[in-house]
1. Just to be sure I understand the filter: pairs with C-beta atoms under 8 Å, separated by 6 or more residues or on different chains, first member in region 50-70 and free of Cβ contacts under 8 Å to residues at least 40 places away in the same chain and under 15 Å from Leu98 (Cα atoms), second member of a type in the set (S, T, N, Q) and not in a loop (DSSP other than H, G, I, E, B). Which pairs pass?
2. Take Leu96 and tell me if it is modelled with pLDDT of 95 or more, over 21 Å from the mean Cα position of the chain (by Cα) and in a helix (DSSP H, G or I).
3. Return yes or no: is Glu232 at pLDDT 95 or above and closer than 30 Å to Ala262 by Cβ?
4. Looking at region 67-84, which of the residues that are surrounded by 20 or more Cβ atoms within 10 Å (Cβ to Cβ) and out of contact with any helix residue (DSSP H, G or I) (no Cβ under 6 Å at 6 or more places or on another chain) is farthest from Ala234 (Cα to Cα)?
5. For region 218-267, which residues satisfy the criterion of being more than 15 Å from Leu150 (Cβ to Cβ), small (Gly, Ala, Ser) and in a helix (DSSP H, G or I)?
6. In this structure, is Lys274 out of contact with any Phe, Trp or Tyr (no Cβ under 8 Å at 6 or more places or on another chain), at pLDDT 95 or above, open to solvent by 90 Å² or more (accessible area, probe 1.4 Å) and under 25 Å from His85 (Cβ atoms)?
7. Right, Ser51: open to solvent by 10 Å² or more (accessible area, probe 1.4 Å) and out of contact with any helix residue (DSSP H, G or I) (no Cβ under 8 Å at 6 or more places or on another chain) or not?
Amino acid sequence: MESEAPAKRARIDEGQAKAASASSGEDQITSSIEKIASHIGNLKKFTKAASLARQLLRSGQFERKYGKAFMKVLEAAMQDPSRVHDPLLRNDYRALFLAVEAEAESFSKPDRDQINVWSLRAVLTNELHTDDTYGFNKVLAKIKEQVEKLPVWVEFVPEVIPPPPPGPPPEPEEEEEEEDIFGLDSLLPSKRKQEEEARKMAAMAARAEARAAAKAAALLDQRRDALIRAVEEAFGFYNVTTKNWTRVPVDMLVAKVHEVRAKFAPGQRDRLQKVYNRVKEQQTRRRQVAQQEAARDRSAFETAQSKYAGMDISIR
């Protein structure tokens with residue numbers, strides 16, 4: 001028995017050492033996430049911070065328990081959504097969110113929904129910057145698909161949760177109370193207390209439901225805005241001389257999204273209408289240029305025809 005005691009203590013000490021080591025590792029990962037979150041919002045430090053974030057995600061040590069903390073990193077990175085499309089940063093943003101998508105199961109369902117919306121900007125829209133015709137058209141098809149999934153826009157009106165109604169009046173005191181020989185009365189909740197607790201629970205559930213509805217509406221608006229931004233980004237290639245091949249597929253995208261503009265909020269429709277009008281102007285200009293070139297070609301032919309019509313041609 002005495003010989004077993006040192007061995008048992010050794011096993012306990014070894015277990016405690018492993019637990020301490022694991023705890024230290026977790027603390028280090030959490031600390032790293034916090035440091036990245038504090039720096040990634042800084043424009044000058046974004047590239048390095050995003051690189052460290054990707055390394056952490058791909059280290060094999062990232063687990064679901066770190067998901068909530070890592071959302072602080074993404075929130076800081078997306079505090080200014082316009083930065084996603086900065087030519088100097090867009091590749092870093094795309095790489096970061098591709099790494100996040102690879103670890104999607106480490107995040108909760110609400111967090112995954114938010115990540116999906118951010119990815120519309122960071123991944124999908126930024127993938128428009130390619131010289132590959134097939135790849136470009138594939139992205140346009142995905143944008144159309146995402147737009148098709150949107151419901152028709154309806155103004156969201158937050159639900160007003162009224163305060164819980166007052167409880168029932170106090171129960172009248174009975175003249176004679178039956179003796180509590182077992183001492184259980186103090187342990188069993190009264191009917192009044194049960195009703196009060198039920199009202200509190202119902203009010204909490206209603207407030208939680210209202211918050212969830214407001215969050216879902218805000219997320220849907222972010223999705224709409226990201227898709228309008230994708231259409232604007234696609235139109236941005238219109239006047240790029242080396243990318244004339246993008247004009248026809250972009251024309252088709254803008255026309256398709258314009259057909260279902262009722263899916264977007266009024267301000268978003270205005271942005272879409274501006275793009276649509278500019279596309280129409282460009283199409284009209286291209287037709288005019290084509291007609292002028294055709295007219296010049298016809299004039300040259302007719303001049304030559306009249307010149308040679310009166311000439312004598314000898315046949316030998």
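1. Here the result reads Leu52/Ser32; Leu56/Ser32; Phe70/Ser106, each pair linking region 50-70 to a residue that is of a type in the set (S, T, N, Q) and not in a loop (DSSP other than H, G, I, E, B).
2. no
3. So Glu232 passes the test.
4. Result: Leu74.
5. Selection gives Ala234, Ala255, Gly267.
6. So Lys274 passes the test.
7. No: the conditions fail for Ser51.
The values are calculated or read from the model by the stated rules, or taken from the named source; none is laboratory data. Computed from a predicted structure; not experimentally measured. Quick reminder, even Gly has a Cβ in these numbers, built from the backbone with ideal geometry, and neighbours come from all protein chains shown. Quick note on the areas: whole protein, heavy atoms, side chains included, nothing else; ligands and nucleic acids left out. Shrake-Rupley method; radii C 1.70, N 1.55, O 1.52, S 1.80 Å.
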